[in-house]
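First the structure, in the form of structure tokens, and then the observations on it.
The values are calculated or read from the model by the stated rules, or taken from the named source; none is laboratory data. Note that this is a predicted model, so its numbers are computed, not measured. Here the Cβ positions follow ideal geometry from the backbone for every residue, glycine too, while neighbour counts run over all protein chains shown. What goes into the accessible areas is simple: the full protein's heavy atoms, side chains included, and nothing from ligands, DNA or RNA. Shrake-Rupley method; radii C 1.70, N 1.55, O 1.52, S 1.80 Å.
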Amino acid sequence: MTRLVKKDIESIDSNLNHLDQRLRESTGHSLLEIGAFAMSKELPLRQTKVAVVPITTGLGIIDGFSEKVKEILIHLGTDAFTTTKTDIGGIQEAFDHQAAIVFMADDDVFSAFHLHKRSYSDNGAATGRGFAAALYLAAEQNAAMEVLVLGAGPVGQAAIEFLLEKNVQIVLAECDKPKAAQCQKKYPEIKLADDWAARHYQYILDATPAANLIKTKNVTDETIISAPGVPLGVAAEAAENADRIIHNLLELGVATMLCAVS
Ligand code: 2YG
């Protein structure tokens, strides 16, 4: 999973209503609706107090990260706040303010913990489900669709799990052949693509950290690409030729995490 940097956070549109509008145009649903669909949760969610705790371990705080997560959570209808203290002090502050849910991230794991339900949602797993749900909704829940999944990491595998629940046909392209074989062993229904670029796929989920993987020759004006990967794996010209690109750096993952634990 690629580590975000300050300029990534600053590039996120502070007007989350714009994102809802773009998602409604491309999938027919809002950020919260896609997150709830990904996790089979009914809306509205119960009103909850959510704490976001900055974590200083490893490479440390990413300027704006906690603030942006809080803004997304407020947009989703929760009573969210960022703690003034970091790390353990921040977790105590979450308890002092009766938070039911705590979001925090170190360099390797970004998680939402529900303190009462004793459950958690990992960002990688939630992101995979959220972007797979967005693609499935963009295809108007077409169970006959075939999806090319690029990448068999945590995000790609979570996307595969969601799509298999919808009986969607999946073709996996993973350059690490042992990883691809291990994934096919785990999900026998999927097919492996030796050379995914040899043909067109109308639906593509890019769960790789590679930039510009998807090129103009890989897309037509009917191609819909759902791309949680950071950076965006779609070459600019390909993005213009495709029908739709569903891409955001943090918002859909956070929305799906919230729905997962609510
Ligand atoms: O609390 C802080 O400011 C830092 N400890 C946050 C560090 C986050 C590191 N993780 C990432 O940048 C990404 N894996 C987050 C998720 C990216 C979108 N899926």
So Ala238 clears everything in (1) more than 15 Å from Ala134 (Cβ to Cβ); (2) in contact with a Leu (Cβ under 8 Å, 6 or more places away or on another chain) except one condition, right? Which one?
(2)
Within the range 240-259, considering residues that are open to solvent by 30 Å² or more (accessible area, probe 1.4 Å) and either among the aliphatic types (A, V, I, L, M) or near the ligand (Cβ under 10 Å from one of its atoms) (or both), the one farthest from the chain's Cα centre (by Cα):
Ile245
Please tell me if Phe81 is within 23 Å of Asp20 (Cα to Cα), open to solvent by 10 Å² or more (accessible area, probe 1.4 Å) and not in a loop (DSSP other than H, G, I, E, B).
yes
Among strands (runs of 3 or more DSSP E) entirely within the range 160-230, at least 1 residues that are surrounded by fewer than 22 Cβ atoms within 10 Å (Cβ to Cβ) and in contact (Cβ under 8 Å) with a residue 12 or more places away in the chain occur in 169-173
I want to confirm something. Restricting to the range 39-64 and keeping residues that are in contact (Cβ under 8 Å) with a residue 60 or more places away in the chain and open to solvent by less than 30 Å² (accessible area, probe 1.4 Å), which single residue is nearest to the ligand (Cβ to nearest atom)?
Val50
